[in-house]
């Protein structure tokens, strides 16, 4: 049988066709625009997602035996606010995960409602990128649109609805809305009241591997697929990537170096850190996970290479880097503000430490190291909870860089495992589709059988010591700049 994974990203939708043995048969990618109507705002049109997904699906299955396609599932960008009216039409462009407009609403939730209550209700505190602050922003700034809301959805769930006709979501993606009682895997009555919404406006909750329905007849006909193709709920991109890298079960770790960056730690039990510096979410395997998320990771390198120094030759630029662990230039990678662990939308990207002999290679190196240091900030929170991590998987576009993987291994001081497929969310979505169709008994069984480690980057003891000193310097920079960031926005 064949299974489709749909990775709805920020810049493109990537569609993946996988057989029952885990072999990737074809990958198709379709781009769509990203809009920045005001500084710090980030929006997309859900209609663009669906249009390009349909185009991608047609191309994906054009040459395969369509009768063998059994299921389709998703990994999708999290937190985005999609609102539909009573005719199920999109009311306004989706407000995305990296949108920073909700400062007032986030402050209201954290300071007036209170972090303790939010943590009690949802296991998390408010971050500017979460969905609930976006809802409050629409309520406060666009009351005419708020009054039209019939359904509140997340990005990938809009695709699932368009394909199946079912208003659905899954526990992992819903965890990032600040509307879900994560521990009990149900909507929070208290948060609905705080946001001025009814539970009926929210989608039906499924586990990530559960079937929500089948393709609508008109969709199946347009795609040339059987009408009984199952639509499986899927997961938020990070949970889907974790499935795709085999980060399921207890105490497993995955680092994603995509547009954003995450450190993802799976757990069989529910756990919250005392300062809510890490997100405590439900996992796609039916259990839980902790996650630290930085808003700009591989996008920092893309910004530096494409927009600042103007070259697409990433390999040549990285080949010029020769001073690992000895760089005196530091970079704070907060180009879109920051989430974990600082929770500060006003934070900004910053170079510090340049001198007259600073080279272009030093600054390129600082960008790569800055992302690694920022991920270690979240890693340290996990360590403070007594979580012992000796190795991690890695995925995302940044994971294709041997140099960046070496930096990551030595900054964190752990082994970094490379897997056969680097298509994290899309591959995870396809695995969830296979589980939903009964190909495997559980997500853990599927991951054990399908995900293969093909190499490991070992930390170098001498380099790890050097990076320890550099990290201790790095972690002092943000506190020194924080007050200034708040003044220069």
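A few notes on this one:
- Failed item in (1) closer than 21 Å to residue 408 by Cβ; (2) crowded, with 21+ Cβ neighbours inside 10 Å; (3) in contact with a helix residue (DSSP H, G or I) (Cβ under 8 Å, 6 or more places away or on another chain); (4) at pLDDT 95 or above, with residue 361 passing the rest: (2)
- Screening the candidates 224, 249 for the property of being in contact (Cβ under 8 Å) with a residue 60 or more places away in the chain, in contact with a helix residue (DSSP H, G or I) (Cβ under 6 Å, 6 or more places away or on another chain), closer than 22 Å to residue 393 by Cα and surrounded by fewer than 20 Cβ atoms within 10 Å (Cβ to Cβ) yields one hit, 249.
Listed here are the residues, each with its yes/no results for (1) exposed (fewer than 13 other Cβ atoms within 10 Å of the Cβ); (2) closer than 30 Å to residue 370 by Cα.
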{"site": "424", "(1), (2)": "no, yes"}
{"site": "432", "(1), (2)": "no, no"}
{"site": "438", "(1), (2)": "yes, no"}
{"site": "445", "(1), (2)": "no, no"}
{"site": "461", "(1), (2)": "yes, yes"}
{"site": "468", "(1), (2)": "no, yes"}
{"site": "476", "(1), (2)": "yes, yes"}
{"site": "480", "(1), (2)": "yes, yes"}
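- Residue ranges of helices (runs of 4 or more DSSP H) in the stretch 86-195 with at least 3 members surrounded by fewer than 24 Cβ atoms within 10 Å (Cβ to Cβ): 103-107, 115-122, 131-141, 143-146, 189-195
- Any hit, the stretch 26-33, residues being in contact with a strand residue (DSSP E or B) (Cβ under 9 Å, 6 or more places away or on another chain), buried (at least 18 other Cβ atoms within 10 Å of the Cβ) and more than 20 Å from residue 231 (Cα to Cα): yes
- Annotation note: of 69, 90, 82, the sole residue that is closer than 30 Å to residue 198 by Cα, over 22 Å from the mean Cα position of the chain (by Cα) and touching a residue at least 24 places away in the same chain (Cβ under 8 Å) is 90.
- Only residues that are assigned to a strand (DSSP E or B) and either under 23 Å from the mean Cα position of the chain (by Cα) or crowded, with 19+ Cβ neighbours inside 10 Å (or both) were counted in the stretch 13-25, giving 7.
- Within the stretch 338-358, considering residues that are buried (at least 17 other Cβ atoms within 10 Å of the Cβ) and in contact with a strand residue (DSSP E or B) (Cβ under 6 Å, 6 or more places away or on another chain), the one nearest to residue 394 (Cα to Cα): 340
- Here residue 291 clears all of (1) at pLDDT below 95; (2) assigned to a loop (DSSP other than H, G, I, E, B); (3) crowded, with 24+ Cβ neighbours inside 10 Å except the condition numbered (2).
- Count of residues meeting criterion [farther than 17 Å from residue 110 by Cα and outside any loop (DSSP other than H, G, I, E, B)] in the stretch 320-353: 8
The values are calculated or read from the model by the stated rules, or taken from the named source; none is laboratory data. All of these numbers come straight from a predicted model, not from anything done at the bench. Cβ coordinates were reconstructed from backbone atoms using ideal geometry, including for glycine residues, and neighbour counts include every protein chain displayed.
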